[in-house]
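Below is one structure; the comments refer to it alone.
The values are calculated or read from the model by the stated rules, or taken from the named source; none is laboratory data. As the structure is a computational prediction, the values presented were derived from the model and not from experiment. Neighbour counts are summed over all protein chains in view; Cβ atoms, including those assigned to glycine, are modelled from backbone coordinates with ideal geometry. With ligands, DNA and RNA removed, areas are computed over all heavy atoms of the protein, side chains included. Shrake-Rupley method; radii C 1.70, N 1.55, O 1.52, S 1.80 Å.
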Amino acid sequence: MPTSRRLAHRYRRLCCRLGRPASHTVVAWAALAAIICGLFAGALASRVAWETSRPQPDRAEAGAILDEVFPGHDLGDIDTPPALFVVYGHPLRLGNLRTVLLGDGGEYQESDTSAVAFGAPPVPAEQIVTVARQRLTDTGWRLYDPVVVEDMICSDKLCATPMSNVTTTLLARRGDTILNASIPSQSTGDGTYLAVVLRRAPPPAVVPAGVLGALLGTVVGWVVFGWASRRTEGRRRDGGAKFLSGTTLVLWWLPVLLAAPSLLQHHRGEPHPAWHPFWEWLGQPPASLLFLVGAVCALLALGLAAAPRRDRSPVALVD
């Protein structure tokens with residue numbers, strides 16, 4: 001049998017197993033449903049695996065790092081977070097869950113330990129950068145290419161004489177700790193001339209948990225879609241199930257198609273000691289409202305499929 005005929009035969013068998021032997025698109029819809037279910041399952045599994053991470057650096061650990069990298073600089077009080085992930089600086093609780101789910105999910109982020117130095121710098125910014133890079137290298141940090149951004153700032157309230165300000169951001173990683181330090185070339189008396197942020201890198205369990213969750217979610221998504229397809233084919237509720245399942249796929253895939261290219265461009269544009277969490281590549285939780293509406297549509301479609309049926313004639317498989 002020619003290869004093309006053999007592939008067509010297998011494709012038709014697959015359509016039959018999905019309960020729609022005459023359909024030309026059911027396999028594509030099933031694949032889209034299975035893949036998006038796998039992606040969401042992988043994101044959930046990776047978030048659970050994040051719980052194996054060490055807490056963010058406490059004041060003692062952060063103070064030791066700041067002393068070895070930025071000696072002679074008064075970074076004031078060290079601000080430590082209350083949890084590994086926060087919403088507007090607070091742990092995720094039932095009280096602020098609505099904030100995350102209904103339009104402000106972008107504020108759900110990994111927390112960090114931070115410190116800043118106020119006033120005029122004791123030495124030029126270029127010297128701060130040079131010394132910090134050297135000490136980071138000497139103390140075992142992996143140093144990434146610095147990010148340099150130039151903008152204009154005002155030297156007075158009327159902004160009659162704007163000044164060029166070059167901010168250098170140093171990125172480094174040692175073990176599971178990431179350091180981000182911003183050093184502007186211009187600083188006013190009440191401004192900051194050094195800001196340092198410390199956070200944890202993703203723990204080792206995140207990647208295998210995400211992969212395993214994605215594989216299991218894909219299999220479950222395919223099986224469930226096939227079951228629902230067979231249950232509704234040729235029946236009065238088929239149109240409603242198609243509309244609901246199609247709406248679910250549009251609402252679930254749209255944030256992915258928008259977020260993933262943007263994040264990829266962001267990662268390629270500047271160095272990253274660690275990749276953004278898996279769920280951010282799916283547009284979550286900023287697009288959580290779309291996910292929730294899609295989930296409601298999916299449940300309604302499954303409800304239609306689970307409803308008792310009168311026609312129980314089996315679909316014959318093509319040999």
Requested in this report: With respect to Pro273, determine if the residue is modelled with pLDDT under 95 and out of contact with any helix residue (DSSP H, G or I) (no Cβ under 7 Å at 6 or more places or on another chain).
Outcome: yes
Report summary line: Residues in region 161-200 that are of a type in the set (A, V, I, L, M) and over 29 Å from the mean Cα position of the chain (by Cα) total 2
Report task. Answer with yes or no whether Gly239 is open to solvent by less than 40 Å² (accessible area, probe 1.4 Å), more than 30 Å from Leu143 (Cβ to Cβ) and either free of Cβ contacts under 8 Å to residues at least 12 places away in the same chain or part of a helix (DSSP H, G or I) (or both). Result -> no
**Report entry** Output for region 176-221, where each listed residue is closer than 30 Å to Pro121 by Cβ and assigned to a helix (DSSP H, G or I)
**Finding:** none
Report task. For region 123-141, enumerate the residues that are assigned to a helix (DSSP H, G or I) and either open to solvent by 70 Å² or more (accessible area, probe 1.4 Å) or of a type in the set (S, T, N, Q) (or both). Result -> Glu126, Gln127, Thr130, Arg133, Gln134, Arg135, Thr137, Asp138
Query raised in the report: Just one of Ala64, Ala60, Ala28 is of a type in the set (A, V, I, L, M), without any contact (Cβ under 8 Å) to a residue 24 or more places away in the chain, over 30 Å from Gln134 (Cα atoms) and loosely packed, with under 15 Cβ neighbours inside 10 Å; which is it?
Result: Ala28
Query raised in the report: Can you name the residue in region 202-223 that is within 26 Å of the chain's Cα centre (by Cα) and within 17 Å of Ala306 (Cβ to Cβ) and is also least open to solvent (accessible area, probe 1.4 Å) among such residues?
Result: Gly221
Query raised in the report: In region 75-122, how many are open to solvent by less than 50 Å² (accessible area, probe 1.4 Å), out of contact with any strand residue (DSSP E or B) (no Cβ under 8 Å at 6 or more places or on another chain) and part of a helix (DSSP H, G or I)?
Result: 2
